[in-house]
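The values are calculated or read from the model by the stated rules, or taken from the named source; none is laboratory data. Because the structure is predicted, anything quoted here is derived from the model rather than measured. Every residue, glycine among them, receives a Cβ derived from its backbone with ideal geometry; neighbour counts consider all protein chains shown. Only protein heavy atoms, including side chains, enter the accessible area calculation; ligands, DNA and RNA are left aside. Shrake-Rupley method; radii C 1.70, N 1.55, O 1.52, S 1.80 Å.
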Amino acid sequence: MRIALTHNLKITSSAEEAEFDSPETIAAIAGALERAGHEVERIEVSGPASRVLARLEALQPDLIFNTAEGHKGKTREAFYPSLFDELGIPYTGSDAYTLNVALDKSLTKRVLASYGVATPRARFVNRTTLESGALDDMSFPVIVKPNFEGSSKGIFREWSVCEDAHHLAEVVERQLARFEAGLLVEHYIAGIDVACAFVDGLKDANGARSSGTGIPEGVLAPIEFVIDPQVPGSYNVYDFDLKHARPEHVTRRPAQLPPATIERIRSLTARVVRALDLKDHARCEFRVTSSPSRSQGHEVHFLEVDGLPTLQPGASVFVAAAQRGVDFDGVIRAIVRSACKRRGLLPLLESNQPRRAKRTALRVGFTYNMKRSDTAAADKAGPAALYDSEAEFDSPRTIQAIANAIESYGHTVVPLEATPDLPRALAASGVDVVFNIAEGLRGRGREAQVPALCELLGIPYSGSDATTLSLALDKGLTKQILRAAGIETAEWQVVTTGREKLKPFRYPVIVKPNAEGTSKGITSASVVKDEAAARAAAKQLVDRYHQPALIEEYITGREFTVGLLGERRPKVLPPMEVVFVDPPTYPVYGYEEKQTDTPRVRFECPAQVTPSELRRIEKVVRDTFAALGCRDVARVDLRMAKDGRVYVIEINPLPGLTPDFSDLCVIAKVAGMDYRSLIGEILAGCLKRYRDARAAAPRAAFSAAAPASGPVAPPAGGPIASPAEGTGPLAAPGPASAGPAPIPADTAPLSDAASVANGEVAGP
C-alpha cells in the first residue's frame, strides 16, 4: 500500500513541541511500515494546510498513518482528521469529533460519568468561571492541570499540587496566564500512575486471542510508572520534567497489582473506548490507590484518555505488547490492519500483487544549467576548483539527484538544459510541468528566462515567477521593496562606476556585485573601513562582473539563513546559524565558505535562539517572502544585531539543492525531510497549479468559441515522445520509443523510467 505518514516533528526541546514526535520516532514508524512492504511518504504538517493538501493530492495515498498533533487551539488534534475526511482519504486513529472530546479533560469526565467511569472530582476554571467563584469550597489537596494539553504540559511536582486556597490561587493565576483556554482543578489522589493501552485486534505473537473475559482483545495489560525515589518531590506526580527532561528516572513495568485490579483497569479501558468511540489505538491513564474497604484492596480512578498517543519506541504500549510477544513492528501493523478493516481496505492490504497506481504520473521537464568547467579537477579538489563563472550552476551529481527524486514519485523526467536551444526543445517536449533550477546564462534577468518561457508556452513550473526572480537577483531593487514593506535592511547605495558621490555611511561597509548569487565576488576583503576603499572595491567589481556594485553598511551580529516552503503562508524551516570559527573583526560568509567544507565556519541548526528571537526571525522571513511575491521555495539570509533587530541581507528564491551540502538541504534534513521529500515539497506547488489549470480548462472551453491554448496533452495511447538524442543539447522530437533525452555525456544517465512511462507505477 501507499501510506502517507503525517506528523509534527520535534526539533527543539521547547514545551511547545512536547507533544510532537522525534525524528527517531518517525524513522521507527516509517521503518516498520516499510518492512511490512508498504511505500511510505513522510509528510511533516507544520506550516499552511494548503501545503499538506498539495502533498496529499499529489501522492494520493491509500491510507494515512496519522500522528499529527496540530499546533494551536482546543481543536488542534482534530484538524488533520477533518482535512482527511474532506479529501476522502482513509486514515488511522479516531475521527475529529472523538479527538476533540478526548483533548478536553473536563468534557471527557462528564461524558464518562454517564458510563459509570469513576473520576476524581474536578472543576473547569478559566477567567470567566474564576470570577463566578469557581475556586470556592474546594476540598484539598488538588492538582492543577491545563485542560487542553497532553504530555504532562504545565504539570510540575514542585507546585502543581496545592494544599490550601492561597497556594491554589497563585498557581491558577500563573497557569491561566500561559494556558488561557482553561485549567482543570482536580482532587489529588495519592497512589500510582497506571496506563492501559488499546490496539484494536492485537493478538499475541502466535495469533491467539486473550483470555475470554469479555474484554476486547486489543486492551493490553496495564503498565505502571515507577518514579525513582531519589527524585525530590512530596507527591508522586509523573510531571513534564520527568517525561521530557529526565525520562531515565522513570521505569515502565507491568503493573504490580492483584489480578482483580488488573481486570478492573482493563474493563474500564474497554468502557472508555466504547463510550468515546475510539479507533485503532488509544491510551487511558488511571490513578490506583490502596483501599482496605475494597474487596480487591485497591480503588481505580480514571484520569484522562489520549486518542492520539505517542508511538515512541519504549512507550507503555510497547511494554504491554511485549508481554504478548508482539514487537514494535507488530503494533504498527495492527494499527494499520485495524484502520484497513474499518475502511474496507483489507483486500488491498492482504494482496500480494503489485498495486497499479492511479494515473497521476506526469512528464516533468527538468530545466537546469550544468557545471562543466574543469569537472575532472573538481572531482579531485572539491567545489572550490570550479570557475567563478559557473558558480551558480549545478553539478552532474546534483542534477542526477533531483531527477532521481522526481522519478521516485512515479513521474517521467525530461532533462532540458537551459541553453539557447531551450525554447525549441521545451516547445517540442510535450511536458506537463517544469521543475526549474536553471540560473540562466547572462544578464540581470537571467534567472527569469525559464519561467518567462514557461509562461509563454502555458506550462506550469516550480518556484517563483519571472518577476520575483528578476527582482530578487537585483540586490538594490530588493532592498527598496523590503524598505517599502517596513522590513529592516542595512543602508545601501548602488554604484555603476565607483566614482559617484557616496552616502554618509557608517563605516565599515561591505561591497558586493549587485546581481550575483552564491556570494560571488564576496570575501573577507569585501569589508572596508573608509570611502576610498569602498570606491576602489566597487570599481574592481564593476570591471570584473560588468554590472553595478552594491555598497551597504556592515551589520555586526549573528548570521542566520532560513528556508521557506509554500506560497501565501509559507512553512518556515528551523533557522540555521552560521557560526564563524576564530572570526576576524568583521566575519563574512563569502564565496569560499559557501563552496567548500571550510573550517572557517560551522553551522548550528536549529539555531540556539530564544522564543522571542525565533518569533522575530520567522516574522521577518515571512514578510520578506510575501514582499517579493515568492512561492514554493526560498531562503532568506539575515543578520541579528546586538540590539535584537533582525536585518535581511538578501533573499534567494532559487536556492541551491546539492544533497547534504546546500544550506536548504541541511536545514530540511533537520526539519525531518529527507532529500526526496524536499524535492516533493517544492514540486507540490507546481502540481497544484497544474491541476488548477486542468480544472479551469473545461470552463474556459465552455465559455470560449476557440479551444484554449497550452501544452500539448499526451494522446490516449500514452505520453508524447521525448526528444531524441541528436545534435545539440536536445534534438528534435523522435519516435515514441526514443525515451527521454539523456543528460549530456559527462554525467551518468537518468535512471530507467520505463515503468512509469504510461502513467502507472508498480508498488507494494
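General observations
- Selection from the range 433-469 of residues that are open to solvent by 40 Å² or more (accessible area, probe 1.4 Å) and within 21 Å of residue 514 (Cα to Cα): 441, 442, 443, 444, 449, 465, 467
- Pairs where the first residue, in the range 438-455, is in contact (Cβ under 8 Å) with a residue 60 or more places away in the chain and over 12 Å from residue 420 (Cα atoms) and the second is of a type in the set (Asp, Glu) and assigned to a loop (DSSP other than H, G, I, E, B), C-beta under 7 Å, 6+ apart: 439/392; 444/474; 447/439
- Index of the failed condition, residue 424 passing every other in (1) within 32 Å of the chain's Cα centre (by Cα); (2) farther than 27 Å from residue 528 by Cα: (1)
- Within the range 83-106, the set of residues being closer than 16 Å to residue 43 by Cβ and among the polar types (S, T, N, Q) comprises just one member, 92.
- The set of residues in the range 222-264 that are touching a His at 6+ places or on another chain (Cβ under 9 Å) and open to solvent by 80 Å² or more (accessible area, probe 1.4 Å) comprises 230, 264.
- Scanning the range 150-179 for residues that are open to solvent by 50 Å² or more (accessible area, probe 1.4 Å) and not in a helix (DSSP H, G or I) yields 158, 159, 163, 164.
- Some residue of the range 108-123 being in a strand (DSSP E or B) and either small (Gly, Ala, Ser) or surrounded by 14 or more Cβ atoms within 10 Å (Cβ to Cβ) (or both): yes
- Residue count for the range 180-198, restricted to those that are open to solvent by less than 20 Å² (accessible area, probe 1.4 Å) and either more than 24 Å from residue 269 (Cα to Cα) or of a type outside the set (Gly, Ala, Ser) (or both): 8
- Counting the residues of the range 625-650 that are out of contact with any helix residue (DSSP H, G or I) (no Cβ under 6 Å at 6 or more places or on another chain) and more than 19 Å from residue 466 (Cβ to Cβ) gives 11.
- Hits in the range 33-61 (condition: at pLDDT below 85, charged (D, E, K, R) and buried (at least 21 other Cβ atoms within 10 Å of the Cβ)): 51, 55
- Residue within the range 6-14 that is assigned to a strand (DSSP E or B), closer than 30 Å to residue 351 by Cβ and open to solvent by less than 10 Å² (accessible area, probe 1.4 Å) present: yes
- Given (1) hydrophobic (A, V, I, L, M, F, W, C); (2) open to solvent by 10 Å² or more (accessible area, probe 1.4 Å); (3) assigned to a strand (DSSP E or B), number of the condition residue 134 does not satisfy: (3)
Here is a yes/no grid of residues against (1) closer than 29 Å to residue 678 by Cβ; (2) of a type in the set (A, V, I, L, M); (3) surrounded by 17 or more Cβ atoms within 10 Å (Cβ to Cβ):
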{"position": "424", "(1), (2), (3)": "no, no, no"}
{"position": "473", "(1), (2), (3)": "yes, yes, yes"}
{"position": "486", "(1), (2), (3)": "no, no, no"}
{"position": "506", "(1), (2), (3)": "no, no, no"}
{"position": "511", "(1), (2), (3)": "no, yes, yes"}
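- Considering residues of the range 307-331 that are outside any helix (DSSP H, G or I) and out of contact with any helix residue (DSSP H, G or I) (no Cβ under 7 Å at 6 or more places or on another chain) only, the residue most open to solvent (accessible area, probe 1.4 Å): 323
- Where residue 279 falls short, out of the listed (1) under 28 Å from the mean Cα position of the chain (by Cα); (2) open to solvent by 30 Å² or more (accessible area, probe 1.4 Å); (3) within 30 Å of residue 158 (Cα to Cα): (3)
- Scanning the range 71-86 turns up no residue that is β-branched (Val, Ile, Thr), buried (at least 17 other Cβ atoms within 10 Å of the Cβ) and touching a residue at least 12 places away in the same chain (Cβ under 8 Å).
- Qualifying residue in the range 94-105 (condition: open to solvent by 10 Å² or more (accessible area, probe 1.4 Å), in a loop (DSSP other than H, G, I, E, B) and of a type in the set (S, T, N, Q)): no
- Some residue of the range 612-631 being over 19 Å from the mean Cα position of the chain (by Cα), farther than 21 Å from residue 483 by Cα and at pLDDT below 95: yes
- Filtered residue count, the range 284-300, keeping only those that are open to solvent by 30 Å² or more (accessible area, probe 1.4 Å) and modelled with pLDDT of 95 or more: 1
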